[in-house]
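S.K.: Next up is a structure, given as structure tokens.
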């Protein structure tokens, strides 16, 4: 994954290492590097942040040995990438669920995102993750619009051995979610995961209805599921959904197939909301907690 982004990062490091570390000498290399980042779907503000910070932090630094200079450049780039991927607020999902459990109330997670991002599959993966950690889960089939959506979630619920609450197609999605939460409360279930219809972020009516679901449900966490392969549109989706329903965290899917890597690098920084998990395959187990340090080392092969 991230082959093209990794090559761009490696090329920039190699060119900087043999250049005098002065702003005027670095600028042409960093301009070229910025274009490479943008070509690999890194959001423009993020690309500028990376190159501006490199120029600022490397300008005037005195290093004689090439080996030491290479370490300096890689370490500086590593620090900048970590800053980009680390948001002010972090989310320890297990800790939050445990805290809610003390009040004998279910922890409610609302999943949003447009069709085709892997939202329903991500819900199944999160279910698997939570069950592995000893929590009981119930699913809410609140996508009452897309043909086959209820059956798709129901298949996952059967494979995972968890209950799913559903109404007929065309039903009020907020009512389905409300009934699911009531079911969880009456049976002492730990976590409620709510699927919703895939909204096109420019559809005002659908986004308003999604906001209504959130008002009725009042979830503990609202998670936006984003396809890493859609590039810069991932950032646009994240901004629009956050504006409409106030997203708390993101899940990036199909990261294993992403040769560019720009969406993964941009979403958290542009929205200020953490990436909770990344999807790295088709199996239920193919969901990894997002760790900025590990992610950055993977990009730079440190």
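S.K.: If we scan the range 199-211, do we find a residue that is within 28 Å of residue 289 (Cβ to Cβ), in a helix (DSSP H, G or I) and more than 25 Å from the chain's Cα centre (by Cα)?
M.R.: At the first step, the residues of the range 199-211 found to be within 28 Å of residue 289 (Cβ to Cβ) are 199, 201, 210.
Going one step further and asking which of them are in a helix (DSSP H, G or I), we end up with 210.
If we keep only those that are more than 25 Å from the chain's Cα centre (by Cα) too, we end up with none.
No, the range 199-211 has no match at all.
S.K.: Could you list, in sequence order, the residues of the range 105-125 that are farther than 14 Å from residue 135 by Cβ and out of contact with any strand residue (DSSP E or B) (no Cβ under 8 Å at 6 or more places or on another chain)?
M.R.: Hits for the range 105-125 are 114, 115, 124.
S.K.: A further question on this structure: Is it the case, given these coordinates, that residue 2 is surrounded by 18 or more Cβ atoms within 10 Å (Cβ to Cβ), out of contact with any strand residue (DSSP E or B) (no Cβ under 7 Å at 6 or more places or on another chain) and farther than 15 Å from residue 269 by Cα?
M.R.: Values: surrounded by 18 or more Cβ atoms within 10 Å (Cβ to Cβ): yes; out of contact with any strand residue (DSSP E or B) (no Cβ under 7 Å at 6 or more places or on another chain): yes; farther than 15 Å from residue 269 by Cα: yes.
Considered against the rule, which asks whether it is surrounded by 18 or more Cβ atoms within 10 Å (Cβ to Cβ), out of contact with any strand residue (DSSP E or B) (no Cβ under 7 Å at 6 or more places or on another chain) and farther than 15 Å from residue 269 by Cα, residue 2 comes out as yes.
S.K.: Let me ask another. Tell me whether the range 169-177 contains one or more residues that are over 18 Å from residue 222 (Cβ atoms), at pLDDT 95 or above, crowded, with 16+ Cβ neighbours inside 10 Å and in contact with a strand residue (DSSP E or B) (Cβ under 8 Å, 6 or more places away or on another chain).
M.R.: No: zero hits.
S.K.: Within the range 180-190, work out how many residues are touching a residue at least 60 places away in the same chain (Cβ under 8 Å), in a helix (DSSP H, G or I) and surrounded by fewer than 16 Cβ atoms within 10 Å (Cβ to Cβ).
M.R.: To start, the set of residues in the range 180-190 that are touching a residue at least 60 places away in the same chain (Cβ under 8 Å) comprises 181, 184-185, 188-190.
Still in the running and in a helix (DSSP H, G or I): 181, 184-185.
Okay, now just the ones that are also surrounded by fewer than 16 Cβ atoms within 10 Å (Cβ to Cβ), so 185.
Qualifying residue count for the region: 1.
S.K.: Any residue in the range 83-106 that is farther than 25 Å from residue 264 by Cα sitting within a Cβ distance under 8 Å of a residue that is surrounded by fewer than 14 Cβ atoms within 10 Å (Cβ to Cβ)? List the pairs, counting only those 6 or more apart or interchain.
M.R.: Once the first residue is farther than 25 Å from residue 264 by Cα and sits in the range 83-106, its partners that are surrounded by fewer than 14 Cβ atoms within 10 Å (Cβ to Cβ) give 104/188; 105/185; 106/185.
S.K.: Among the numbered criteria (1) in contact (Cβ under 8 Å) with a residue 24 or more places away in the chain; (2) in contact with a strand residue (DSSP E or B) (Cβ under 9 Å, 6 or more places away or on another chain), which one does residue 69 miss?
M.R.: The single condition residue 69 does not satisfy is (2).
S.K.: Follow-up. How many residues, within the range 223-256, are surrounded by fewer than 24 Cβ atoms within 10 Å (Cβ to Cβ), in a strand (DSSP E or B) and in contact with a helix residue (DSSP H, G or I) (Cβ under 8 Å, 6 or more places away or on another chain)?
M.R.: Adding up the residues that qualify gives 1.
S.K.: Specify which of the listed residues (263, 257, 249, 238) is within 24 Å of residue 127 (Cβ to Cβ) and at pLDDT below 80.
M.R.: When all the criteria are applied, what remains is 257.
S.K.: Go over the candidates 176, 137 one by one and state the one that is over 27 Å from residue 230 (Cα atoms), without any contact (Cβ under 8 Å) to a residue 60 or more places away in the chain and touching a helix residue (DSSP H, G or I) at 6+ places or on another chain (Cβ under 7 Å).
M.R.: Matching residue, one of 176, 137: 137.
S.K.: Somewhere in the range 191-214, is a residue surrounded by 19 or more Cβ atoms within 10 Å (Cβ to Cβ), touching a residue at least 60 places away in the same chain (Cβ under 8 Å) and within 21 Å of residue 37 (Cα to Cα)?
M.R.: No.
S.K.: Out of 17, 63, 46, report the one residue that is buried (at least 19 other Cβ atoms within 10 Å of the Cβ) and either modelled with pLDDT of 85 or more or out of contact with any strand residue (DSSP E or B) (no Cβ under 7 Å at 6 or more places or on another chain) (or both).
M.R.: Details: 17 fails: buried (at least 19 other Cβ atoms within 10 Å of the Cβ); 63 fails: buried (at least 19 other Cβ atoms within 10 Å of the Cβ).
46 is the lone residue from the list that is buried (at least 19 other Cβ atoms within 10 Å of the Cβ) and either modelled with pLDDT of 85 or more or out of contact with any strand residue (DSSP E or B) (no Cβ under 7 Å at 6 or more places or on another chain) (or both).
S.K.: Among (1) part of a helix (DSSP H, G or I); (2) surrounded by fewer than 18 Cβ atoms within 10 Å (Cβ to Cβ), there is one condition residue 281 misses while meeting the rest; what is its number?
M.R.: So the condition that residue 281 fails would be (1).
The values are calculated or read from the model by the stated rules, or taken from the named source; none is laboratory data. In this text, all values refer to a predicted model and were calculated from it rather than measured experimentally. Please note: Cβ atoms are built from the backbone with ideal geometry, for glycine as well, and neighbour counts cover all protein chains shown.
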